[in-house]
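Read-outs: derived from the displayed coordinates by stated rules, not from any lab. What you are looking at is a predicted structure, and each value in this text was computed from that prediction instead of being measured. Virtual Cβ from ideal backbone geometry, glycine too; neighbours counted across all protein chains shown.
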Amino acid sequence: MSTPEQGAPDGARSGAGAEPPLRRLRSLPLRTRLTLITSGAVAVAVAVMAVICWFLVRDQLYRQLDNSLRENARAAVAQAGAPHSPTTCSVEPRDDGSSQDDGRIANPFGTIQLVAANGSNCIISGSSKLVITSQDLAVANGTANNVLHDSRTESGTKVRVDAVQVGLVAGGLQTHGALLTARPLSEVTSPLNTLALVLLAAAGIGVVGAGTAGLWIARAGLKPVDRLTATAEHIARTEDLSVRLPVEGRDEIARLSASFNSMTAALASSRDRQQQLIADAGHELRTPLTSLRTNIELLQRSEATGRALAPEVRTELMSSVRAQVTELASLIGDLQELSRPDAARTVQVVALHEVAGTALARARLRGPDLRITADISPWYVRGEAAALERAIVNLLDNAVKFSPSGGEVTVALRDGVLTVRDHGPGIPAEDLPHVFERFWRSPSARSLPGSGLGLSIVARTAEQSGGEVSLAPAPGGGALATLRLPGAPVAPPGPPTADGRD
């Protein structure tokens, strides 16, 4: 039993793997495709116009021939008079077509033939008999008055015939007959053939010219694209993001060049920020790592030499190691948060008041000697619950860190505005423009634990949630942090909201 593939004809198997024409066209270079499309469009337009022109000329020539036949028929009827007998004309005309005195009518423009109802006929004028058709007999029998149709002579010449009803006398009786006036169809076909050749030649010249013009236009139009390609290849080869394309005009190519310049500028800025982040992270990691290594080396030396450290010294070293490890873990967590792409965020409706309550509970654990008061009203925002909680925790940690022992931290959330106020030393005016920069720490805070990334994480989270954050001196001393997030006091209908709890 053979499978369908085995039983398939060879032609079917070979045709199945053929590449579709559209796919083959797409595989060609853009310049070639533009040339082919331009040439094809012009070829189709020229072909359509040539066909329309040919048919219009043909109709006009036929109309002129038919009018000429009618005029000849009227002239023949007027010259012959009525009634006329088919026996009064010569049945076999002379080959030279010369006039005779046998009742024939002189007509140098074609053939005139008389047909009786019984089919008998004779030539009145002309050199070759016409083949009598059913249409001619219908006119001769009186069932039709006038018929225009194509026919031929007995010698095979194609002619155009106008059959007109006339009166005849046959056997002493008056009856109907048909007077046929014919002219050769070559009067129409010869000019049409010549016109077809002319149109074909014009179409060929037009297609060749269109192809040449299309190739020139494609080359001229794609020059900016060639420059863009060369620039992109140069950047890929050298990683030089300082290269810029010239922007000329306001067309699509100029917009593409401007967009490319903007993209390379953004890439250069991103790479600079990445390098700066790596450099700053390395600098921040160096201090705790150096201190951690020193403490561990002291412990190792004590064990190696057998000279035990005093219990209070050992306890202090272990506490320092633990603090430095905690600081390193916090720094690594901050770096991971800053490096996380926006695409990895899960945006949903978040109950900001519940997130703030969770953050307050964590802040009270970190500042047990402080009095933290809160006035929080419901507010729902769209964002990521974990990121919003981390941002609020960072604001509260900043307030706890700079508050004196026994001090007070006031937290309020009303109409989407979260404020955190402490009573610490405050922020100098010259430091305010830098507080949200990565790894920036004021001179007074460099002795305190921290990585300098907390407030920058708050600013990034606020921006991702469509809000803003600010830090300013508080009236009466201390600092006032303000986080504004768009939202509503009631939860919108939809999926359950996130409360920010772990």
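Can you give me the long-range amide H partners of Val159? Hydrogens built in the peptide plane at 1.01 Å from N, cutoff under 5 Å, separation of 5 or more residues or another chain.
Ser151, Arg152, Thr153, Leu185
Quick one: Debye curve from the C-alpha atoms of the range 130-281, no solvent, what's log10 I(q)/I(0) at q = 0.08 Å⁻¹?
For the range 130-281, the Cα-only Debye profile gives -0.57.
With a Förster radius of 51 Å, plug the Cβ-Cβ distance of Arg244 and Gln64 into 1/(1 + (r/R0)^6) and report the FRET value to the nearest 0.05. Write out the running numbers ahead of the final one.
Details: r = 69 Å, r/R0 = 1.34.
Here the calculated transfer efficiency is 0.15.
Provide the packing ranking of 453-462, 124-133, 305-314, 398-407, i.e. peptides ordered by the mean count of other C-beta atoms within 10 Å per residue, highest first. It would help to have the intermediate numbers written out before the result.
Details: 453-462: 22.0, 124-133: 20.2, 305-314: 9.7, 398-407: 17.7.
Most protected by this proxy first, the peptides run 453-462, 124-133, 398-407, 305-314.
Could you give log10 I(q)/I(0) at q = 0.20 Å⁻¹ for the range 340-488, computed by the Debye formula over C-alpha point scatterers of equal weight, without solvent?
Listed by q, the Debye log ratios stand at -1.30.
Contour minus end-to-end for Thr294 and Gln174, with contour as 0.36 nm per residue of separation and end-to-end as the Cα-Cα distance? It would help to have the intermediate numbers written out before the result.
On the way: separation 120, 0.36 × 120 = 43.20 nm, distance 14.23 nm.
Value of the extension gain: 29.0 nm.
Once R0 is set to 45 Å, what does the formula 1/(1 + (r/R0)^6) return for the Cβ-Cβ distance between Asp226 and Glu437, expressed as a FRET efficiency to the nearest 0.05? Could the numbers behind the result be given before it?
On the way: r = 42 Å, r/R0 = 0.93.
Result of the calculation: an efficiency of 0.60.
Would you order Trp216, Trp379, Trp54 from fewest to most other beta-carbon atoms within 10 Å of each residue's own beta-carbon?
Values: Trp216 11, Trp379 25, Trp54 14.
Neighbour counts put them in this order, fewest first: Trp216, Trp54, Trp379.
Note the full-extension length gain between Ala310 and Asp272 as 0.36 nm times their separation in residues minus their Cα-Cα distance, in nm to one decimal.
Values: separation 38, 0.36 × 38 = 13.68 nm, distance 4.86 nm.
Extending this stretch completely gives an extra 8.8 nm.
Treat each spin label as a single point 7 Å out from the Cα along the C-beta direction, and report the Val131 to Leu200 distance in nm.
Taking the simple label geometry, Val131 and Leu200 are separated by 2.7 nm.
Please report Arg364, Arg322 as a ranked list, fewest other C-beta atoms within 10 angstrom at the top and most at the bottom.
Working: Arg364 16, Arg322 10.
If I rank by nearby Cβ atoms, fewest first, I get Arg322, Arg364.
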